[in-house]
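Quick notes on the structure that follows.
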Amino acid sequence: MIEKEPSEVSVGRADFVHQWPASRVVFGPGKISVAASEAARFGTRFAVIHDPTAQSAADRVASDARGGVCARIGEVAQHVPVQAVTEAVAIVREARAEVLICIGGGSATGLAKGVARELGLPLVAVPTTYAGSEMTSIWGHTEGGKKTTGRAETVRPRTVVYDPELTLDLPPAISVTSGVNAIAHCVEAMYAPESSPMTRVAAAEGIRSMSRALPGILDEPRDVGVRGFALRGAWLSGWSLEVSTTGLHHKLCHILGGLLDLPHSPLHTVLLPYAVAHIAPAAEAETRIVLESLGLTGPVTDAGGLIWEHHRLLGAPASLAEIGMREADVERTIAEASAALADRPLPPRPIGASGLRDVILTAFKGDRPAA
């Protein structure tokens, strides 16, 4: 008789719909060398959008493109301000670019997606963090303190080039929050109502890959093998996010990020334990897989607290106050979140105004989530 893992079996569903995302992935050390040739599959005039920290990688692509780069944008901002998209669109349009290449983290990818959405240009992504957005058709921008998101096939990168060598200089502290951000994508994919067996397998493996890579990055930040394992987790996290809908965690992050301009990956890191603590009672089997994938043991009812403790071992930020939220922001944040989310359909467990107040207040202080 074949023994099967109970938690894996218990989340099986009799019916589901699964659609494969259509992105080409090129993975391996030194693969920045093929970014220009990958872009050349779609055109001959390239606009490169990159983080300031990705200057050398952008220079490499420009050199490999042999004069094909007609525009470069080297300034990006978190949460993708609408004004930044407008300015980038004007530059790319004037340059008559045929292909977009983005190099950097989620902000660079987000800006490039904004341009792709406006101009309909193909996009090649070269991520240098673990954001995962390079694998999705999700776009987002902020204006007037509000973050708007949506999905459009035109923004999904046609090719994603993962080169672990480009992440060697990513500071360990940023690596941790970026990695937990990726884990959060997988966690929400596990809870999503349309989650398929393939989604759950990919999400669980994404969590396992990243959770095992992060301690290694803290020990040896320039270990290419460990960095590659983390990028593998990021790839799976983005894939999982693409084939799922987002829930409480991501929606809260979008509200707080747009309203308060809090740093993106630290915000995801702080809020994850509190979101899981709320959801776990309504999704015990899925939460058990999350804990097992993280290598954590303990009761499902204490999942939020166990994840919170795990984050302390990684040296991750614990509270919203620690990442820039002021006490004066608390009540308006609660009001904004309640107006958007309270008593709305939010599988697997809706949340009321009092629940949102508890989550935000506890996360602001950084207290361990209650079992």
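The values are calculated or read from the model by the stated rules, or taken from the named source; none is laboratory data. Everything numeric in this text was worked out from a predicted model, so none of it was measured. Counting neighbours? That spans all protein chains shown, and the Cβs are built from the backbone with ideal geometry, glycine included.
Structure summary
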quantity: Qualifying positions in segment 108-140 - surrounded by fewer than 23 Cβ atoms within 10 Å (Cβ to Cβ) and in a helix (DSSP H, G or I); calculated: ARG117, GLU118, LEU119
quantity: Qualifying position, being surrounded by fewer than 21 Cβ atoms within 10 Å (Cβ to Cβ) and either of a type in the set (Gly, Ala, Ser) or not in a loop (DSSP other than H, G, I, E, B) (or both), among GLN55, GLN78; calculated: GLN55
quantity: The one condition in (1) surrounded by 22 or more Cβ atoms within 10 Å (Cβ to Cβ); (2) under 26 Å from ALA340 (Cβ atoms); (3) in the same structural domain as ILE323 (by TED's automatic domain parsing); (4) not hydrophobic (A, V, I, L, M, F, W, C) that GLY206 fails to fulfil; calculated: (2)
quantity: Conditions (1) surrounded by 18 or more Cβ atoms within 10 Å (Cβ to Cβ); (2) more than 13 Å from the chain's Cα centre (by Cα); (3) not aromatic (Phe, Trp, Tyr); number of the one not met by HIS250; calculated: (2)
quantity: Subset of segment 290-300 that is in contact (Cβ under 8 Å) with a residue 60 or more places away in the chain and surrounded by 22 or more Cβ atoms within 10 Å (Cβ to Cβ) - its residue that is nearest to ALA370 (Cα to Cα); calculated: VAL290
quantity: Selected residue (only one of ALA335, ALA318, ALA303, ALA285 is in contact (Cβ under 8 Å) with a residue 40 or more places away in the chain and either assigned to a helix (DSSP H, G or I) or hydroxyl-bearing (Ser, Thr, Tyr) (or both)); calculated: ALA285
quantity: Members of segment 163-211 that are assigned to a helix (DSSP H, G or I), among the charged types (D, E, K, R) and more than 12 Å from the chain's Cα centre (by Cα); calculated: GLU165, ARG200, GLU205, ARG208
quantity: Residues (farther than 30 Å from GLY30 by Cβ and in contact with a Phe, Trp or Tyr (Cβ under 9 Å, 6 or more places away or on another chain)) located in segment 222-247; calculated: SER244, GLY247
quantity: Matching residues in segment 154-194 - criterion: being surrounded by fewer than 23 Cβ atoms within 10 Å (Cβ to Cβ) and under 18 Å from THR246 (Cβ atoms); calculated: ALA192, PRO193, GLU194
quantity: Selection status of THR333, of a type in the set (Ser, Thr, Tyr), over 16 Å from ALA184 (Cβ atoms) and surrounded by 19 or more Cβ atoms within 10 Å (Cβ to Cβ); calculated: yes
